[in-house]
Each structure stands twice: as structure tokens, then as C-alpha cells.
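Enquirer: Can you read through this structure? Questions will come right after.
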Amino acid sequence: MASVTPPGLAYEVEHDQVNHRFTARVRGQVALLEYQIKRRRMVITHTEVPESIAGRGIAGELTRVALRFAREQKYKVVPACAYAEAFLQRHEEYHDLLVG
């Protein structure tokens, strides 16, 4: 869905709509963001980046791509995992997506 190239690293974020997840494969490891759709709301339930590839902004990019998808689909967003909640608090440009 979106190509990303942080310093010394290249990966693509893929969207698996059947299993409700976004993934990025980096150096043989899989980072993911899982979600559910409930009544036109995207509930972000889990974000996970393996320790061996942590600290490279991968979770943030997974979240940005997921939020872009939510905006395109006209979904409101419920950050049900700690990472998504913290990300949304730091990024005002996505506050319009938050439920009420």
C-alpha cells in the first residue's frame, strides 16, 4: 500500500483486509497493526514490532497507513491499544478521525 524508506531500511506496508491487519516485513521479521471494523468504526486493537527491528518508526508508519485507510473509508477510529492511543495524542492531524 505505501512504500517507506527509513535510513538503511526499505519495506512496504501491506493491507490484509480479510484478516484485518497491516503488516511490514523487515529483515525476516513481521511487524503488524490489527484492527476490527464495528459500525463504521475502525478499532485498532494491537500494534506489535519485534524487538530486533524496533526503534525504526515502523509502528508509526503502520499506524499512519491504517489511519489513511480509515480516512479513505470514512471510518471513525477507536484506539484500543496503548500505542495507537499515544500516537493519536501526539498527531493532531488525525484528531478528526477520533470518535466523539
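The values are calculated or read from the model by the stated rules, or taken from the named source; none is laboratory data. Treat the numbers as computed from the prediction; the structure is a model and nothing was measured. All Cβ positions, even for glycine, are placed from backbone atoms using ideal geometry, and neighbour counts span all protein chains on display. Ligands, DNA and RNA are excluded from the accessible area calculation, which covers all protein heavy atoms including side chains. Shrake-Rupley method; radii C 1.70, N 1.55, O 1.52, S 1.80 Å.
Enquirer: Would you mind finding the one in 21, 41 that is at pLDDT 95 or above, in contact with a Phe, Trp or Tyr (Cβ under 8 Å, 6 or more places away or on another chain) and open to solvent by 80 Å² or more (accessible area, probe 1.4 Å)?
Expert: 41
Enquirer: Out of curiosity, is residue 60 within 19 Å of residue 12 (Cβ to Cβ) and either in contact with a Phe, Trp or Tyr (Cβ under 7 Å, 6 or more places away or on another chain) or assigned to a loop (DSSP other than H, G, I, E, B) (or both)?
Expert: yes
Enquirer: Continuing with the same structure: What are the residue pairs meeting all of these: first residue in the stretch 76-94, first residue under 10 Å from residue 43 (Cβ atoms), second residue acidic (Asp, Glu) and outside any loop (DSSP other than H, G, I, E, B), Cβ atoms under 7 Å, and 6 or more apart or on different chains?
Expert: 79/85
Enquirer: Let me ask something additional. Go through the stretch 26-38 residue by residue and tally those that are of a type in the set (D, E, K, R) and either at pLDDT below 95 or exposed (fewer than 14 other Cβ atoms within 10 Å of the Cβ) (or both).
Expert: 2
Enquirer: Now, a different point. If I ask for residues that are of a type outside the set (S, T, N, Q), over 12 Å from the mean Cα position of the chain (by Cα) and at pLDDT 95 or above, which ones from the stretch 81-100 would you list?
Expert: If the condition is that a residue be of a type outside the set (S, T, N, Q), over 12 Å from the mean Cα position of the chain (by Cα) and at pLDDT 95 or above, then 82, 86, 90, 91, 92, 93, 94, 95, 96, 97, 98 are the ones that fit.
Enquirer: Restricting attention to the stretch 63-82, which residues are under 18 Å from residue 11 (Cα atoms) and open to solvent by 20 Å² or more (accessible area, probe 1.4 Å)?
Expert: Correct list: 64, 68.
Enquirer: Also, I was wondering about something else. For residue 50, which of the numbered conditions (1) touching a residue at least 24 places away in the same chain (Cβ under 8 Å); (2) open to solvent by 10 Å² or more (accessible area, probe 1.4 Å); (3) not hydroxyl-bearing (Ser, Thr, Tyr) fails to hold?
Expert: Exception for residue 50: condition (1).
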